[in-house]
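Working notes for the structure below.
The values are calculated or read from the model by the stated rules, or taken from the named source; none is laboratory data. It should be emphasised that the depicted structure is a prediction, and the values quoted were computed from it without experimental measurement. Neighbour counts run over all protein chains shown; Cβ positions are idealised from the backbone, glycine included. Please note that ligands, DNA and RNA were not included when accessible areas were found on the heavy atoms of the full protein model with its side chains. Shrake-Rupley method; radii C 1.70, N 1.55, O 1.52, S 1.80 Å.
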Amino acid sequence: MFTPVETKDGSCTFYSEAFGEWFHNKNGACNEAQTTYVDASDLAGRAQADELRILDVCYGLGYNTAAALETIWRVNAGCWVQVKGLEIDIEVARSAIAHNLTGQYSPQVQQALQQLADGQVVDWPDASSTGGHSLSAQILLRDARQTIQRLIEQNWQADVIFFDPFSPPHCPQLWTVEFLRLVARCLEPGRGVLVTYSCAAAVRAAFGLAGFSIGSIHTGGRRWPGTIACLNDRDLPPLSLQEQEHFQTRAAVPYCDPTLRGSAAEILEARSRVQSTSELLPTKSWRQRWRKNNQAGSITQA
């Protein structure tokens with residue numbers, strides 16, 4: 001079982017020994033779920049619809065899904081919500097429930113997360129028996145590179161994708177061009193959006209190669225912006241000049257995984273080889289120049 005550690009907003013997160021990283025920003029786990037994912041995707045506005053489909057890539061403790069359900073049902077209790085979660089370790093969600101880390105959410109949301117942790121499926125077709133809420137939710141366990149292909153086979157597409165893997169240096173498998181191309185096939189091409197906390201140049205370059213248009217989103221509690229993406233030419237918040245110039249550096253060499261089965265070490269090594277012979281500018285010079293120009297706003301992810 002994972003051990004909870006309190007973050008600055010009073011909610012708790014876990015540390016992953018397997019990935020060597022915290023599950024959430026230490027400034028506030030639940031605040032991150034609300035601002036980086038729910039607010040950034042305008043889920044409250046989208047909740048006016050009769051039906052919403054959400055893909056939660058790396059379900060983890062369940063905070064992103066919990067914040068989404070809470071927001072949707074507060075705006076429109078009758079909205080039928082479909083959630084597909086991709087996760088490799090269900091013990092994370094079970095530990096969150098065991099430690100009562102979702103106690104700040106409504107009883108219906110807590111009940112949904114409990115059922116997902118217990119059996120990975122929630123089926124509430126009859127709103128009269130669940131506080132007026134209809135929900136179809138499922139967690140697909142194992143490597144997301146394989147489980148996402150089940151959704152593609154079903155032609156299932158989301159209105160909103162929460163993209164929340166561990167950071168690229170710790171989990172490059174889920175930030176590759178090849179995986180993002182699969183993710184793109186699970187996003188509704190008209191009005192669907194994807195949101196993620198990362199602004200790494202390699203990540204944004206991979207989104208572009210996978211067919212996404214991208215924009216920059218600024219959310220509370222983080223030093224750097226996140227990224228919003230879609231599959232059309234819709235107006236998105238523009239990238240700053242600093243962010244645009246980041247693409248001209250070796251930091252923008254994307255992660256690749258042609259077989260969709262490469263290990264983290266193999267993917268990192270392959271990218272490092274490409275960077276070593278790249279004609280792109282060294283990232284260090286870009287970082288130093290922008291640090292001088294704007295100390296407070298420097299983006300240092302590579």
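Annotation note: of I139, I161, the sole residue that is farther than 23 Å from G211 by Cβ, touching a residue at least 24 places away in the same chain (Cβ under 8 Å), in a strand (DSSP E or B) and not charged (D, E, K, R) is I139.
Identify, from the list L268, L260, the residue that is in a helix (DSSP H, G or I), hydrophobic (A, V, I, L, M, F, W, C) and modelled with pLDDT of 95 or more. Spell out how you get there, then give the answer.
Numbers: L260 fails: in a helix (DSSP H, G or I).
Exactly one residue qualifies, and that residue is L268.
Just one of the numbered conditions (1) under 28 Å from D143 (Cβ atoms); (2) in a helix (DSSP H, G or I) is not true of F19; which one? Here F19 meets the rest and fails (2). Selection within region 142-158: residues that are outside any helix (DSSP H, G or I) and more than 14 Å from the chain's Cα centre (by Cα). The member of this set that is surrounded by the fewest Cβ atoms within 10 Å (Cβ to Cβ) is N155.
Of the strands (runs of 3 or more DSSP E) contained entirely in region 166-230, those carrying at least 1 residues that are open to solvent by 20 Å² or more (accessible area, probe 1.4 Å), touching a residue at least 12 places away in the same chain (Cβ under 8 Å) and in contact with a Ser or Thr (Cβ under 9 Å, 6 or more places away or on another chain) fall at 213-217. Among the numbered conditions (1) open to solvent by 10 Å² or more (accessible area, probe 1.4 Å); (2) more than 25 Å from D143 (Cβ to Cβ); (3) touching a helix residue (DSSP H, G or I) at 6+ places or on another chain (Cβ under 7 Å), the only one that R74 does not meet is (3). Evaluating T259 against the criteria (1) surrounded by 13 or more Cβ atoms within 10 Å (Cβ to Cβ); (2) touching an Asp or Glu at 6+ places or on another chain (Cβ under 9 Å) leaves one unmet condition, (1). For region 271-291, the tally of residues that are open to solvent by less than 50 Å² (accessible area, probe 1.4 Å), closer than 18 Å to C256 by Cβ and part of a helix (DSSP H, G or I) stands at 2. Listed by first and then second residue, the pairs with beta-carbon distance under 8 Å, at least 6 apart or on different chains, first residue in region 244-272 and more than 14 Å from V203 (Cα to Cα) and among the hydrophobic types (A, V, I, L, M, F, W, C), second open to solvent by 70 Å² or more (accessible area, probe 1.4 Å) and in a loop (DSSP other than H, G, I, E, B), are A264/H170.
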